[in-house]
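See structure below.
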Amino acid sequence: MADRLVRNSISLRAMPAPDRGRGAIEPMLPALLRGVVFISVLAAPFVAALLAG
């Protein structure tokens, strides 16, 4: 049992830790893109009405 715990702790330390400083905005990009598409779909009829006069 003890050797299994030692092996697990060593294998966890061997894995590279994710870099927190770089690429922090990448998970937000799909949500931002969905937000922009949603707002543009809502605004499209009003923009078309303004352009039509």
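Worth a mention:
- Residue 34 being open to solvent by 80 Å² or more (accessible area, probe 1.4 Å) and at pLDDT below 65: no
- Inside the stretch 37-53, residues that are assigned to a helix (DSSP H, G or I) and surrounded by fewer than 10 Cβ atoms within 10 Å (Cβ to Cβ) make up a count of 9.
The values are calculated or read from the model by the stated rules, or taken from the named source; none is laboratory data. What you are looking at is a predicted structure, and each value in this text was computed from that prediction instead of being measured. Cβ sites come from the backbone with ideal geometry, for glycine too, and all protein chains shown count toward neighbours. Just the protein is used for accessible areas: all its heavy atoms, side chains included, with ligands, DNA and RNA removed. Shrake-Rupley method; radii C 1.70, N 1.55, O 1.52, S 1.80 Å.
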